[in-house]
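Undergrad: Shown below is the structure under consideration.
The values are calculated or read from the model by the stated rules, or taken from the named source; none is laboratory data. Because the structure is predicted, anything quoted here is derived from the model rather than measured. Neighbour counts are summed over all protein chains in view; Cβ atoms, including those assigned to glycine, are modelled from backbone coordinates with ideal geometry.
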């Protein structure tokens, strides 16, 4: 009885019918996701459709699953593919192309899963002559509390946005006070109090907070917009509270305050990734075609300053020609005016996987179709 | 008689196609053609004035032919000459297309004053049944000029709206405003606004230049001076500033001692240097001389000046001048237009071969396809040489290349199967893709410069060519399937053997399409990884390509799993047409993403119509076999 049941399950999982259904489902998924990009932007679509097990659709307040997501379809395809090959395994060269192509496909699916989980994107904005040893996240923010007493050196404690959102109280050995989140909005606009007469009284008691109002905004997923989260944090020392600050990505400059004989700064800023070396933008250049505003090329000459203090090495980053260094890749992403380059910084340990898997699939398909073609030509001659 | 048919047919077609290379009797005078060959720098590249004229006309009025109010037909070069040098005349030519009814009412037009009144009864009948147009859709500048301020005001309102969310009226007003600006930039390129004898003005300027400059210097130094002379010179200078600011046509070559050898100037810019250099720029004078002769209708001296100026350029810009000459010949020969007609004829002959003269008509069709393909190859090769680029650089060239690739595959099919199916499919796809290309050319210069992001010949040559070949083969499989349905349902010509042969062809082409669309898509991913740091970004165009790969994979798996047979294969292959056309154009219509370089709103309805047609064909294919004329017992 149970074996019969198992056999049925097996025959479903090894069947080409399931393959066809899954391919059809993925076509619809990709199509739907493409249309939805107009509203959600690329990043939002990836979260909703591809990096998910189920696609949820809002129905009023309710969010109900309406369609299998990328992980589910991809996972089932993987199971289908592997079990079919295990079940029907027959040695012989007649199916060799299919074997190679499917092995490549498995690798490709796993590689995409890995890069979806591991890839991190940052940006680096450099003016000519400027040196930086960090890149900034384009999407995530952090609360930085800086001990700025020493003019030559900043001691930074960075608290990820997610801890503020979750209301987690942070106590860190480097800080003589606790950080107590009192409220968080994922996207907001900061207005002067005078411009927002109806705003509720601010919970902030120190710094800029009491003078401004926080207007919550819808979370945006658009490519060219950025969420500006705001939070109220209370700093509590051993002798009681220091006050409540408003911190917001919309505020810009850090707010300063003295405590315990040291001077401190507090700021919400794009999450930084520090690296053990720094980059200096030596020269940025960009050309347009004469008589038009079509960009012809842009390039950044940067110097890599290694931590050993050596003379550094100069490289030219330009379109289609990134710099790969220390597990990071720097791309010429854009520019701002004539003297500021914007570099895209990507960390993706699995970047090589698609190259290998695509080569395998292409080879497999070519081999298999050649086998078909030869057979076909023989058949015609006979 | 039918034995010689293929030879005759191909010869006649070849003669017709090649005739475009030579000057036609009754065509424009040689001086005008020579003028069209003069090189200028426009939209970032060196091109002949002939190309400027043609692409401008395509943009503003959707065709290259211009009719004067007294019903003479002008070549693009003649039209450009009038715009540049005889604007009073050019302003009367109806070259601005206005279709939107709201926009028409804005410029004071309604059904009544737009109706074309024909004299002859035959013409009236023809207009009634729609062969001749019954109402005017092209306006002259003079007709629009009184409403310029209203148009500008409406454009200011509509311009900030994103292109994909504009209403039809908004889109139309933005477009008309752009076209008017385009026209005015040309009108002010070589001659200042309102000047009727620019040559005389320049000669007088040259004569009094040293006195005038001395007067201005003295005036600036606060010394006694001739006020009239100083004021006259300053007025000239202001006129030149206005000229320099109001055009983007860089027609004046750099001086021999110019720091940048590629730095061409506008006429106004070159004229502003007059005061420093102490002489009027020779090229500006040459153009002013051409203008004078053209206005006086002295063709002999016009031709003389064009020749002199052309020769002086040839000595200095040998390579560019050669390129612009070839480009002019290429423009005038219109190889893709000839090609389109040949493909259409090939399709008709192929269809004829199933009804009558199976051998003669089949070989005629094959000959025509081969001729058309050779022409298309020459045309694409010429474009590649002119541009110094791989074949596909924009949506227009992708249409050319999809046609070229599919027809090439068809030639192979026809060579191996000899049943006219390859020729019929070639005729259909070749004609359709060139028709699409023709409409895409309405967006402007088709040899436009590449944006920095796309500026990589290696990736253009690999990713783009391979992925477009994938599109081409998916379309081909779809077209073969269409032929299967049409022949099977509506004629008695699809016997069992032909049906099986067609089925095998479709299957083989789907395999080929799977391979090419996959490799092309993967190469695109690698390019993206090289230049943006991600292999896959779910960009609409990437998704479109992925869907084609998935669709082909679905067909193959369904076939291997025995879920479909011949008719199922045919239906899925026809649906492949929808998938491919969506990926090719539909993704661009979303107006988002890195690949949205070819936003095409007007194409939406064509795409919708095409999809409906394919769905209808699939429905027809699902008729019970008893209804298929070929399979009825």
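Undergrad: Out of the range B:34-54, which residues are away from every other protein chain (no Cβ under 14 Å) and closer than 23 Å to residue B:387 by Cβ?
TA: Within the range B:34-54, B:36, B:37, B:38, B:48, B:49, B:50, B:51, B:53, B:54 meet the criteria.
Undergrad: Looking only at the range B:505-529, filter to residues that are free of Cβ contacts under 8 Å to residues at least 40 places away in the same chain and under 15 Å from residue B:459 (Cα atoms); which one of those is nearest to the other protein chains (Cβ to nearest Cβ)?
TA: B:522
Undergrad: Scan the range A:357-377 and tell me whether some residue there is at negative phi, in contact (Cβ under 8 Å) with a residue 40 or more places away in the chain and not assigned by TED's automatic domain parsing to the domain that holds residue A:111.
TA: Taking every residue of the range A:357-377 in turn, none turns out to be at negative phi, in contact (Cβ under 8 Å) with a residue 40 or more places away in the chain and not assigned by TED's automatic domain parsing to the domain that holds residue A:111.
Undergrad: Being part of a loop (DSSP other than H, G, I, E, B) and under 20 Å from residue B:456 (Cβ atoms) is the filter here, so list the residues in the range A:293-347 that pass it.
TA: A:294, A:319, A:320, A:322
Undergrad: If you scan the range A:203-225, which residues turn out to be in contact with a strand residue (DSSP E or B) (Cβ under 7 Å, 6 or more places away or on another chain) and in a loop (DSSP other than H, G, I, E, B)?
TA: Matches in the range A:203-225: A:203, A:204, A:205, A:207, A:208, A:217.
Undergrad: Got a sec? Which of B:299, B:233 is buried (at least 19 other Cβ atoms within 10 Å of the Cβ) and more than 14 Å from chain A (Cβ to nearest Cβ)?
TA: From the options B:299, B:233, the qualifying one is B:233.
Undergrad: List the strands (runs of 3 or more DSSP E) inside the range A:102-170, counting only whole elements, that have at least 1 residues being more than 15 Å from residue A:247 (Cα to Cα) and within 14 Å of another protein chain (Cβ to nearest Cβ).
TA: Of the strands (runs of 3 or more DSSP E) lying wholly inside the range A:102-170, those with at least 1 residues that are more than 15 Å from residue A:247 (Cα to Cα) and within 14 Å of another protein chain (Cβ to nearest Cβ) span A:120-127, A:131-147.
Undergrad: Only one of B:381, B:415 is surrounded by fewer than 18 Cβ atoms within 10 Å (Cβ to Cβ), within 14 Å of chain A (Cβ to nearest Cβ) and part of a helix (DSSP H, G or I); which?
TA: On inspection, the qualifying residue turns out to be B:415.
Undergrad: List the residue pairs whose Cβ atoms are under 6 Å apart, where the first residue sits in the range B:432-449 and is within 19 Å of residue B:183 (Cα to Cα), the second is surrounded by 19 or more Cβ atoms within 10 Å (Cβ to Cβ), and the two are 6 or more positions apart or on different chains.
TA: Going by the 6 Å Cβ cut-off, the qualifying pairs are B:441/B:58; B:441/B:396; B:442/B:58; B:444/B:55; B:444/B:59; B:445/B:43; B:445/B:55; B:446/B:396.
Undergrad: Something else: If a residue must be more than 11 Å from chain A (Cβ to nearest Cβ) and in a helix (DSSP H, G or I), how many such residues does the range B:489-504 contain?
TA: 9
Undergrad: Please return the ranges of helices (runs of 4 or more DSSP H) entirely within the range A:1-87 where 2 or more residues are at the interface with another protein chain (Cβ under 9 Å from one of its Cβ atoms).
TA: Those helices (runs of 4 or more DSSP H) span A:16-45.
Undergrad: In the list A:279, A:370, A:363, which residue meets the criterion of being modelled with pLDDT of 85 or more and surrounded by 20 or more Cβ atoms within 10 Å (Cβ to Cβ)?
TA: Result of the check over A:279, A:370, A:363: A:279.
Undergrad: While we're looking at this one, here's another question. Of the residues A:235, A:316, which is more than 14 Å from every other protein chain (Cβ to nearest Cβ), under 23 Å from residue A:130 (Cα atoms) and at pLDDT 85 or above?
TA: After ruling out the rest, the residue left standing is A:316.
Undergrad: Can residue B:281 be described as more than 14 Å from chain A (Cβ to nearest Cβ), closer than 24 Å to residue B:310 by Cα and surrounded by 20 or more Cβ atoms within 10 Å (Cβ to Cβ)?
TA: yes
Undergrad: Oh, and also: Any idea which of A:293, A:308 is over 30 Å from the mean Cα position of the chain (by Cα), surrounded by fewer than 17 Cβ atoms within 10 Å (Cβ to Cβ) and within 14 Å of chain B (Cβ to nearest Cβ)?
TA: The unique qualifying residue is A:293.
Undergrad: Of the residues B:154, B:170, B:164, B:150, only one is surrounded by 13 or more Cβ atoms within 10 Å (Cβ to Cβ) and at pLDDT below 85; which?
TA: Residue meeting the stated conditions: B:164.
Undergrad: Identify the residue in the range B:530-543 that is at the interface with chain A (Cβ under 7 Å from one of its Cβ atoms) and assigned to a helix (DSSP H, G or I) and, among all such residues, is surrounded by the fewest Cβ atoms within 10 Å (Cβ to Cβ).
TA: Residue satisfying both the conditions and the ranking: B:530.
Undergrad: One residue is enough: does the range B:461-480 have a residue meeting the conditions modelled with pLDDT under 90, touching a helix residue (DSSP H, G or I) at 6+ places or on another chain (Cβ under 7 Å) and buried (at least 23 other Cβ atoms within 10 Å of the Cβ)?
TA: The answer is yes, given that some residue of the range B:461-480 is modelled with pLDDT under 90, touching a helix residue (DSSP H, G or I) at 6+ places or on another chain (Cβ under 7 Å) and buried (at least 23 other Cβ atoms within 10 Å of the Cβ).
Undergrad: Sticking with this structure for a sec: Could you grab me the full set of residues in the range A:205-222 that are modelled with pLDDT under 85, crowded, with 17+ Cβ neighbours inside 10 Å and either touching a helix residue (DSSP H, G or I) at 6+ places or on another chain (Cβ under 6 Å) or farther than 20 Å from residue A:253 by Cβ (or both)?
TA: Those that are modelled with pLDDT under 85, crowded, with 17+ Cβ neighbours inside 10 Å and either touching a helix residue (DSSP H, G or I) at 6+ places or on another chain (Cβ under 6 Å) or farther than 20 Å from residue A:253 by Cβ (or both): A:220, A:221.
Undergrad: With under 26 Å from residue B:526 (Cα atoms) and within 28 Å of the chain's Cα centre (by Cα) as the only criterion, which of A:274, A:330 stands out?
TA: A:330
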